[in-house]
Amino acid sequence: MDIRIVSTQPFPDQKPGTSGLRKSVPIFQTPHYLENFVQSIFDTIGNPAGQTLVLGGDGRYYNREAIQIILKMAAANGFARVKVGYGGILSTPATSCVIRKYKTVGGIILSASHNPGGPTGDFGVKFNTDNGGPAPEKVTEAIYARSKEIREYKILDAADIDLDHLGESRLGNTVIEVIDSVQDYAALLETLFDFDRIQQLLSRSDFRMCFDAMHAVTGPYAHALLERRLGAPAGTVHNGTPLPDFGGSHPDPNLVYAHDLVEILFGENAPAFGAASDGDGDRNMILGNHFFVTPSDSLAILAANATLVPGYRDGLAGVARSMPTSQAVDRVAAKLGLDCYETPTGWKFFGNLMDAGKVTLCGEESFGTGSNHVREKDGLWAVLFWLNILAVRQQSVADIVREHWQTYGRNYYSRHDYEGIDSDRANTLITNLRAKVGHLAGQSLGRYQVEYADDFSYTDPIDGSVSTQQGVRLGFSDGSRMVFRLSGTGTQGATLRLYLESYEPDPHKQDRDPQVALADLIAIADEVAQIRSLTGMDKPTVIT
Ligand code: G16
């Protein structure tokens, strides 16, 4: 076996963000950059001998090259087996499923999620631990610490593996198994949902749906599940071939970037149901005929209707949402007598709660919903969940959401993103806010009375770990809120996220445009944080 020990120097910037290490492709192509980070992961795992690693990515530019490098490094580091997705493809939820099913030591997912791809686009490396979930902070901190002292990495000199044939081959003593990317995941979803009923729904002449895979990883999964297994007509899945540059678009399923789908669902003769997923298949957007379901409402509605779905028939252990996500699900939890947990942004914070059996469903405002079937958010799972509810309730998406608001009240919600702002200015804005919040409680801002103002801090109820400075939040006496935080997933400058929420119990006032319903709060947020003057931008770049 030809193992090469390569001398290297640490890179100072390999601190994982909200979801793994994300940088531009040229940075990842810098000699030793990818290798240093991967070796830091392997060194943190400890003894790889006898262990199995799962490996795959979302098909973005540099995916195949990176996979060949990581396979050779895994072999040189002594892993017994690597399960790698066919063609290098594995969605994030499918990776989580495979890690759990085969009880592997963990997995590496190559993705920068919803960030654009291509030669100058973004690339990313995420490490998931043996529970199938994103590495918790103590692990990512250990990987980062290792990356700052690394002096060498190991790699095997060998020919590339053929990723386009299923089956086993060897790299040194390591078995490389090219696995079907879809099979294990599809089998898992089939245990959760009533496929017969969904099949009947999809065969109805008055029910049409449309799924936009955005030229990203969910294409093969959606073709297999929706069209081949559940019988939706061919053509239901749009943009179903993963492309290295996602067809030049931004694989982010929201009203701005999934505009083709939005036009179809808001156009003439629109289908009854529309959905999209992101680069690596963990996010989802749900649309009805001329209707958008906010991710926060979607989580609440899935929780309220969970017992209609076979996998959740016996009820939920509890629910969780990230702090900036609207409190719609809290109202469902209160009514159903469920515990409801509030965590910082980042799916990694849900893992302990799920492992401890405290929650079944989780969700985030950033178009992520999921359950304890895996330890990642799961785009197609959310689509099938909605289809199962539609099949049982035989109502439109809009009617289901409106009925939900009538029962629980509506949490008007919106997120305003200011992207690509100068990092120093963004940090100044947050620092100023932190200095201010201590004095705001009890004050009036416009017609609102500030009930609490703080920088969110979270103590994990399972392992006691503490995460501080997770977002500045102002809560008002009528239940309204605003939250300010900087994104941990961007790669250029800084992105300020402003999250706004107000509660409307009166069914006669629930059909307003959220931007109008939230207008006073939007003005107050600008005044409190001096957003326009500090960012130099007079409006957000993306509103969801
Ligand atoms: C990641 C995380 C999510 C988070 C989102 C946005 O999603 O997994 O938990 O909500 O980023 O994070 P930020 O506001 O820090 O940019 P994904 O789909 O990018 O992996």
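Where the accessible area of segment 410-543 is counted over protein heavy atoms with a 1.4 Å probe, how much of it, in %, is carbon and sulfur?
46
Mind giving me the nanometre distance, one decimal, between the label points for Q183 and H259, set 7 Å out from Cα along Cα→Cβ?
So the label points at Q183 and H259 sit 4.2 nm apart.
Using 0.36 nm times the number of residues separating S7 and D538, minus their current alpha carbon distance, what extension gain do you get?
Here the segment from S7 to D538 would lengthen by 186.3 nm.
So what is the 222 nm mean residue ellipticity for the chain from helices alone, if each DSSP H run of at least 4 adds -39500 (n - 2.57) and you divide by all residues, rounding to the nearest 500 deg cm²/dmol?
The per-residue figure over the chain is -9000 deg cm²/dmol.
What full-extension length gain, to one decimal in nm, is calculated for D314 and V516 as 0.36 nm per residue of separation minus the Cα-Cα distance?
Length difference between fully extended and current span is 68.7 nm.
Please give the per residue accessible area of the chain, computed with a probe of 1.4 Å over protein heavy atoms only, in Å².
Solvent-accessible surface per residue comes out at 37 Å².
Rounded if a/c is under 1.5, else prolate if a/b beats b/c, else oblate: with a ≥ b ≥ c from the C-alpha gyration tensor eigenvalues square-rooted, which is segment 3-181?
rounded
How big is the gap, in Å, between the Cα center of segment 106-129 and the Cα center of segment 281-354?
25
Which net charge results for the neighbourhood of K138, defined as the other residues with beta-carbon distances under 12 angstrom from its beta-carbon, given Lys and Arg at +1 and Asp and Glu at -1?
The answer is -3.
Determine the gain in length on full extension of the stretch T468-E65; use 0.36 nm per residue of separation and subtract their C-alpha separation, reporting nm with one decimal.
Residue separation times 0.36 nm, minus the Cα-Cα distance, leaves 141.3 nm.
Give the whole-number value, in cubic angstrom per residue, of the convex hull volume spanned by the C-alpha atoms of segment 42-90.
So the per-residue hull volume is 69 Å³.
What is the Cα coordinate range of segment 425-490 on the first, second and third principal axes, sorted by size from largest, in whole angstrom?
Answer, in whole Å and largest first: 39, 32, 19 Å.
Over 19 Å between Cα atoms, which of K15/K138; K23/K377; K23/K138 qualify?
Result: K23/K377; K23/K138 exceed 19 Å.
For the chain, just run the numbers: alpha carbon Rg, then divide by 2.2 N^0.38 Å, N being how many residues it has.
For the chain, the normalised Cα radius of gyration comes out at 0.95.
Accessible area of L498, 1.4 Å probe, to the nearest 10 Å²?
Surface open to solvent at L498 totals about 0 Å².
Taking the full set of protein chains and a 1.4 angstrom probe, give the accessible area of V374 in square angstrom, rounded to the nearest 10.
0
Would you rank F476, F292 by solvent-accessible area, highest first, keeping every protein chain in place and using a 1.4 Å probe?
F292, F476
Give me the one-decimal nm value for the distance between modelled label points at F266 and H165, 7 Å along each residue's Cα-to-Cβ direction.
5.0
Would you work out what percent of the accessible area of segment 3-181, with all protein chains in place, is carbon or sulfur (probe 1.4 Å)?
So the carbon and sulfur contribution to the accessible surface is 50 percent.
Counting only protein heavy atoms, what percent of the accessible surface of segment 185-408 is carbon or sulfur at a 1.4 Å probe?
45
Return the Rg/Rh ratio of segment 410-543 with Cα-based radii and a Kirkwood Rh.
My calculation puts Rg/Rh at 0.98.
Taking H placed 1.01 Å from N in the peptide plane, check which residues at least 5 places from R208 or on another chain put their amide H under 5 Å from its amide H.
So R208 has HN proximity to A272, F273.
Could you please state, rounded to a whole Å, how far the C-alpha centre of segment 62-91 is from the C-alpha centre of segment 205-240?
Taking the Cα centre of each part, segment 62-91 and segment 205-240 sit 28 Å apart.
The values are calculated or read from the model by the stated rules, or taken from the named source; none is laboratory data. None of these values were measured; they are calculated from a predicted model. Here the Cβ is made from the backbone with ideal geometry for all residues, glycine too, and neighbour counts use every protein chain on show. All accessible areas refer to the heavy atoms of the entire protein, side chains included, with ligands and DNA or RNA removed. Shrake-Rupley method; radii C 1.70, N 1.55, O 1.52, S 1.80 Å.
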